[in-house]
Every structure is written in C-alpha cells, then in structure tokens.
Amino acid sequence: MSELRSGDKPDPLATAKPKESAVEEDLSALGIYFRQMGAVDLMTPDEERAAANRIISHRTAYWRAIFTYPPFVDGLVVLIERSCDEDKQPKEALEELRRTSRKVRDRE
C-alpha cells in the first residue's frame with residue numbers, strides 16, 4: 001500500500017471498520033429484548049390460567065350480548081343464511097330466532 005502524502009485523503013475502504021452482520025445485529029436486538037424481559041415480573045402459571053379464563057368469560061359475555069340484542073338478530077340471520085350452504089342452514093332455528101327477536105323488539 002502506498003504511503004499518504006500531505007494533502008492526500010485516506011482511502012475510505014482501507015479505513016472502514018467492518019459492520020456487524022445482520023445476524024449479529026439480530027442477536028444484539030434479541031439480547032436487548034431478553035434483558036428487558038428479565039426485568040419484568042411475569043405471571044405465574046396459575047395467574048396466566050386465571051387471566052385466560054377471565055378473557056374467555058368476557059369474550060363469551062360480549063358475543064352473547066351481541067347475539068341477543070334484538071336489532072342485530074335479523075342481520076345476523078341474514079349473514080348466516082348467506083354464509084352457509086342452503087342444505088346445511090338450520091332454517092327452523094333461524095326462523096325461530098327471527099320470531100323471538102321480533103317479539104322482544106316489539107315488546108320494547
């Protein structure tokens with residue numbers, strides 16, 4: 001390699017430091033993530049089960065409220081009729097659902 005003379009600029013390729021590879025960057029990011037997660041209190045298995053059961057319970061109550069709200073029933077029945085093959089539709093149950101919903105709606 002030739003020596004630099006005064007006024008010459010150094011070759012950027014010769015002075016460049018090798019960059020971390022993508023894998024090293026990923027491992028570094030993963031290491032940061034695990035260090036941060038290590039500082040967080042995690043739930044015990046029993047706490048996780050209790051939280052999951054609460055989520056299931058709330059989700060069930062949410063859908064039950066939607067499916068039993070009279071103004072939504074006709075739209076839900078139409079959606080079921082359009083989504084299911086005609087031979088697989090529970091026609092009697094859907095018609096009963098419509099009748100019951102109308103009775104409740106008209107009563108209010």
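The values are calculated or read from the model by the stated rules, or taken from the named source; none is laboratory data. Just so it is clear, the structure is predicted and the values come from calculations on it, not from any experiment. Cβ sites come from the backbone with ideal geometry, for glycine too, and all protein chains shown count toward neighbours.
Take the conditions exposed (fewer than 10 other Cβ atoms within 10 Å of the Cβ) and assigned to a helix (DSSP H, G or I) and apply them to residue 74. Does it pass? No; evaluated as a whole, the condition is false for this residue. Within segment 37-54, the presence of a residue that is at pLDDT below 90 and either on the phi > 0 side of the Ramachandran plot or surrounded by 10 or more Cβ atoms within 10 Å (Cβ to Cβ) (or both) is excluded.
The residues of segment 15-30 that are assigned to a helix (DSSP H, G or I) and either of a type in the set (A, V, I, L, M) or modelled with pLDDT of 85 or more (or both), listed by number, are 22, 23, 27, 29, 30. Within 30 Å of residue 106 (Cβ to Cβ), at pLDDT 90 or above, in contact with a helix residue (DSSP H, G or I) (Cβ under 9 Å, 6 or more places away or on another chain) and part of a helix (DSSP H, G or I): is that true of residue 92 in this structure? No; evaluated as a whole, the condition is false for this residue.
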